[in-house]
Amino acid sequence: MGRGIVQAKDHFSEWGQTVRKIFAVLAIVVVLSLGAAAQRFQTEGEAFAGFQYTNLDTFNAQRSSLVGWNGQVTGYIKRPLGVTAEFSGSYGSPDVGGEPTKLRMYTFLFGPTFRAPSEKSTPFVHVLLGYARLTNDGGIYSSSGFAYEIGGGYDISIARNVSFRLAQLDYLATKLGDPTGTGNSTQHNFRVATGLVFKF
């Protein structure tokens, strides 16, 4: 178990460095584009529906892969600033401690989004807070707790009111129960999502 935890930490460190670099680039792009975006065509809201991959910090002991869906609704208060509600579900069947299990994780998050839209593309960043729930199908483990997400993405326009989300990259922290007794109350997860954005 100790070796698995060390490997998980090493993997987390590599993922963390990559996500931090990408998020920093997105934040810089958004900030530099805000002035130009104020002069562009704007919509007042949008809805995103897509596929997501989650690299899960499983019980603070190992990394696991989950796949699922991601949905968001965003209303824009001012041209660059909006409020986003995000709902997601992720599913997988990893071996945990040598035992096969089926995991399900749901998140419900809300918070501000900053975007810098143009006619052809829209970079954005967001900080979302809310709730996460992780269970397994056997009913042995179930835990709910606080969660927050920091990340951003890049949308490419494919029609007047439709864009393709090339990628959304997020760091997702969850506060869930720790059945393995590591003493760590926070799980460090990473997510990648892609799909369609409908503007209205």
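The values are calculated or read from the model by the stated rules, or taken from the named source; none is laboratory data. Just so you know, these numbers come straight off a predicted model, no measurement behind them. Cβ placement follows ideal geometry from the backbone for every residue including glycine, while neighbour counts extend to all protein chains displayed.
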Cβ pairs under 9 Å, 6+ apart, first in region 45-66 and surrounded by 16 or more Cβ atoms within 10 Å (Cβ to Cβ), second among the aromatic types (Phe, Trp, Tyr) and not in a strand (DSSP E or B): GLU46/PHE200; ASN55/PHE12; ASN55/TRP15; ASP57/PHE12; PHE59/TYR141; ARG63/PHE12; ARG63/TRP15
Can you tell me how many residues in region 141-160 are among the β-branched types (Val, Ile, Thr) and touching a residue at least 24 places away in the same chain (Cβ under 8 Å)? 2
Pair list, Cβ < 6 Å and 6+ apart or interchain, from region 117-137 residues that are within 14 Å of THR107 (Cβ to Cβ) to residues that are charged (D, E, K, R): LEU128/GLU86; LEU128/GLU149; THR135/ARG104
Return the residue satisfying two criteria in turn: it lies in region 131-158 and is farther than 15 Å from ALA85 by Cβ and charged (D, E, K, R), and of such residues it is modelled with the lowest pLDDT. ASP137
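Does LEU128 satisfy the criteria of being modelled with pLDDT of 90 or more, closer than 16 Å to THR54 by Cα and surrounded by 17 or more Cβ atoms within 10 Å (Cβ to Cβ)?
Answer is no for this residue.
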Scanning for something surrounded by fewer than 17 Cβ atoms within 10 Å (Cβ to Cβ) and among the polar types (S, T, N, Q), does region 162-171 turn up at least one residue? no
